[in-house]
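**Q** For reference, the structure I am asking about is given below.
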Amino acid sequence: MKREEWKKAGKYIACMMAGAGLYILMEFSSQSGGVDSYRLERNSWGEGDAVYPLEVYGLEEDAVFVELSVPEQKLSREEGISVLGQVTELLYARILGENPSLEEVRENLNLVGEIEEYGLSVSWTSENPELLSSSGTVYEEEIPPEGATVYLEAELSNGSFDEKIEIPVTLYPEETSLEKRFEDMLWAVMNSRPEEGYVTLPKEFEGRTVSYRTAEEGENEIILLLGIAAAVCLRLKEKQDMEEQRKKREERLLLDYSDLVSRFIVLTGAGHTIRQAWKKMVPESAEAEWLKRHPVYQEMRITMNQIETGVSEIQAYGEFGRRCGLRCYIRFSSLLQSSLQTGGKNLRKTLESEMEEAFEQRKDIAKRLGEEASTKLLIPLFLMLGVVMVMVVAPAFLTLV
């Protein structure tokens, strides 16, 4: 066991010794061979400054840390002349700005101050600063319509290399839009023949036939927009009215449900069949306004007509519940259908349970309607309160004034 343990320990010791050896080697190389013969290499031109973090030994007991930034190598004159063509191409491309070419310049030029790739600074001089400044600004109001050529002088330098380049630039005034040219023409027409009592507007401009109308006439389009808006509002009002009618119909159906169930219990308890009870509950002659206030009896009349024309009772009662569309009526029609299928067993007991629930539901609806009515009454009450406050405060305020 001891032998195996020594083997394992030997592996760990070997790793630590290798690490220590590498550390000593790196420390020695950094102190003696990190800076070769006290010489730091510069970056080539265009690569930027070279940064060297150094530890200096011998100044004090401990090493002193310094960080040196060595400027990049500059172009010699021979190297500058050899790359002059490439530098010129770069300048031509970079000073364009938003212009398509130097043969057609209408916008300001982007006169760069340096070319980083070659470590060169650039200074500019304009031959005609009244048309083109040394910063690249184009004075278009001074440029003749046929254009003008201006020479820019670019002086390239890096301290050891200096060279001048002449760049021809053809300037043109800014292109005017069709609308601007038309306005200028109209302005000239307005100021011609001031002694006449009227101005004749041109019928053609640059080959185009033109017509005129006063700006107020264009406001007639508002009428069309108003018509469209009225149609949209009318449609929205119709949908709102339909929604209100649906809600009122549902409220009337819910309020009549307890009455329907209680009457049905009385009639079936008196010995009538479901069909006989249904027929007795349907009013033979009722006013349209009364039926409108009690839509359930209108639906019952439709169901009775279906039964008399040959539709089965089960189907007719099912359609009655679906037409009413409320859960309680669908449940009621299901009770009638199941009673017809089972021979009327437990119908009365089931209807009595349904009647209790219907009366509770009616109480809740009546309570909610009362709360809504009281809420609506708050608005006129607040208005009356405002009128009373004005009547009380106004005389006192007028007295103070």
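**Q** List every residue pair whose Cβ atoms sit under 6 Å apart, with the two residues 6 or more apart in sequence or on different chains, where the first one lies in segment 52-68 and is touching a residue at least 12 places away in the same chain (Cβ under 8 Å) and closer than 14 Å to Arg39 by Cα and the second, anywhere, is outside any strand (DSSP E or B) and of a type outside the set (Ser, Thr, Tyr).
**A** Final answer for the pair search is Tyr52/Leu40.
**Q** OK, next. Going through segment 54-98 one residue at a time, which ones are modelled with pLDDT of 80 or more and either on the phi > 0 side of the Ramachandran plot or in a strand (DSSP E or B) (or both)?
**A** Gly97
**Q** Name every residue in segment 132-150 that is within 17 Å of Gly97 (Cα to Cα), surrounded by fewer than 20 Cβ atoms within 10 Å (Cβ to Cβ) and of a type outside the set (S, T, N, Q), in order of residue number. Outline the logic, then answer.
**A** First, the residues of segment 132-150 that are within 17 Å of Gly97 (Cα to Cα): 132-140, 150.
So of that shortlist, the ones also surrounded by fewer than 20 Cβ atoms within 10 Å (Cβ to Cβ) come out as 133-137, 139-140, 150.
Answer for segment 132-150, where residues must be within 17 Å of Gly97 (Cα to Cα), surrounded by fewer than 20 Cβ atoms within 10 Å (Cβ to Cβ) and of a type outside the set (S, T, N, Q): Gly136, Tyr139, Glu140, Val150.
**Q** Can I ask one more? Please indicate, with yes or no, whether at least one residue in segment 143-151 is within 42 Å of the chain's Cα centre (by Cα) and in a loop (DSSP other than H, G, I, E, B). Don't jump to the end; show me each part of the working.
**A** Going residue by residue through segment 143-151, those that are within 42 Å of the chain's Cα centre (by Cα) are none.
No, every residue in segment 143-151 fails to be within 42 Å of the chain's Cα centre (by Cα) and in a loop (DSSP other than H, G, I, E, B).
**Q** Next question. Consider only pairs whose beta carbons are under 9 Å apart and that are at least six residues apart or on different chains; among these, list those whose first residue lies in segment 121-143 and is modelled with pLDDT of 85 or more and whose second residue is among the aliphatic types (A, V, I, L, M) and assigned to a helix (DSSP H, G or I).
**A** Here the result reads Val122/Leu91, each pair linking segment 121-143 to a residue that is among the aliphatic types (A, V, I, L, M) and assigned to a helix (DSSP H, G or I).
**Q** Are any residues in segment 254-270 in contact (Cβ under 8 Å) with a residue 24 or more places away in the chain and either touching a His at 6+ places or on another chain (Cβ under 7 Å) or not in a helix (DSSP H, G or I) (or both), and if so, which ones? Full working, then the answer.
**A** The initial filter retains those residues of segment 254-270 that are in contact (Cβ under 8 Å) with a residue 24 or more places away in the chain, namely 254-258, 260-262, 264-265, 268-269.
Within segment 254-270, just Asp256 meets the criteria.
**Q** (1) surrounded by fewer than 16 Cβ atoms within 10 Å (Cβ to Cβ); (2) farther than 16 Å from Leu253 by Cα; (3) among the β-branched types (Val, Ile, Thr): which one isn't true of Ile302, the others all being true?
**A** Evaluating Ile302 over (1) surrounded by fewer than 16 Cβ atoms within 10 Å (Cβ to Cβ); (2) farther than 16 Å from Leu253 by Cα; (3) among the β-branched types (Val, Ile, Thr) leaves (2) as the failure.
**Q** Right, next: Return the pair list, or none, for Cβ contacts closer than 6 Å from residues in segment 349-360 that are in a helix (DSSP H, G or I) to residues that are among the small types (Gly, Ala, Ser), at least 6 apart or on different chains.
**A** Met355/Ser262; Ala358/Ser258; Phe359/Ser258
**Q** Tell me, which residue of segment 322-350 that is among the small types (Gly, Ala, Ser) and closer than 16 Å to His272 by Cβ is surrounded by the most Cβ atoms within 10 Å (Cβ to Cβ)?
**A** Residues of segment 322-350 among the small types (Gly, Ala, Ser): 325, 333-334, 338-339, 343-344.
Within this subset, residues satisfying the condition of being closer than 16 Å to His272 by Cβ are 339, 343-344.
Details: Ser339: 20, Gly343: 7, Gly344: 14.
Per the stated criteria, the residue is Ser339.
The values are calculated or read from the model by the stated rules, or taken from the named source; none is laboratory data. Everything numeric here is computed off the predicted structure, so don't read it as measured data. Virtual Cβ from ideal backbone geometry, glycine too; neighbours counted across all protein chains shown.
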